[in-house]
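All remarks here apply to the structure that follows.
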Amino acid sequence: MDFKKAQRNKAKCGQLGELIVLSLLTEKAGKDKTNLPQHVSKTIGDGLGYDIIAYNKQNEKELIEVKTTTGPNVDGFYMSYNEKLVAKNNPINYKIYRVFDLDVHNLTAKIKILDGPFDDTNYDFLPETYKVITKS
């Protein structure tokens, strides 16, 4: 398996999902006459815990994390520790846009919006990876 190629394809899929959501939010901002969304994962960096800052009808910030797959919407996706922490600290204005059935060639997809709070009451968080440190 060509792991570098697989990683590039995964990154391309994620970036495309972000651009689709950004376009949708930009169109919505025009209709609602709110501030335009900001693609902060590109302008600031990818470590913020969200990809886009958008604004609701009251012009309040919404922190948008985009999770993209070319497959169907299955109940499960990966979330970094930082994303979970930011979601926990922003229970009302953190949203996940689940982009699925992405067709890279036709630039079409389906989107499901998940609202917070992202806590153990509403979602199951299953640990899948661990950092291993050698004991001295």
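The values are calculated or read from the model by the stated rules, or taken from the named source; none is laboratory data. Computed from a predicted model, the values in this text were never measured in an experiment. Neighbour counts are summed over all protein chains in view; Cβ atoms, including those assigned to glycine, are modelled from backbone coordinates with ideal geometry. Note: accessible area is taken over every heavy atom of the protein model, side chains too, but ligands, DNA and RNA are not part of it. Shrake-Rupley method; radii C 1.70, N 1.55, O 1.52, S 1.80 Å.
Miscellaneous remarks
- When residues of region 45-58 are limited to those that are at pLDDT 95 or above and either open to solvent by 40 Å² or more (accessible area, probe 1.4 Å) or under 17 Å from residue 20 (Cα atoms) (or both), the one farthest from the chain's Cα centre (by Cα): 55
- Among (1) open to solvent by less than 30 Å² (accessible area, probe 1.4 Å); (2) in a loop (DSSP other than H, G, I, E, B) - the single one residue 72 does not satisfy: (1)
- Exactly one residue out of 65, 18 is among the acidic types (Asp, Glu), crowded, with 19+ Cβ neighbours inside 10 Å and not in a helix (DSSP H, G or I): that is 65.
- Scan of region 81-116 for residues that are free of Cβ contacts under 8 Å to residues at least 40 places away in the same chain, hydrophobic (A, V, I, L, M, F, W, C) and not in a loop (DSSP other than H, G, I, E, B), ordered by number: 85, 86, 87, 96, 100, 113, 114
- When region 25-36 is limited to residues that are within 24 Å of residue 102 (Cα to Cα) and either within 14 Å of the chain's Cα centre (by Cα) or among the polar types (S, T, N, Q) (or both), the one that is surrounded by the most Cβ atoms within 10 Å (Cβ to Cβ) turns out to be 25.
- Residues in region 48-83 that are within 18 Å of residue 112 (Cβ to Cβ) and among the basic types (Lys, Arg): 67 alone.
- Residues considered: 112, 12. Of these, the only one that is at pLDDT 95 or above and surrounded by fewer than 17 Cβ atoms within 10 Å (Cβ to Cβ) is 112.
- Matching entry among 95, 61, 5, 67 (being of a type in the set (D, E, K, R) and modelled with pLDDT under 95): 5
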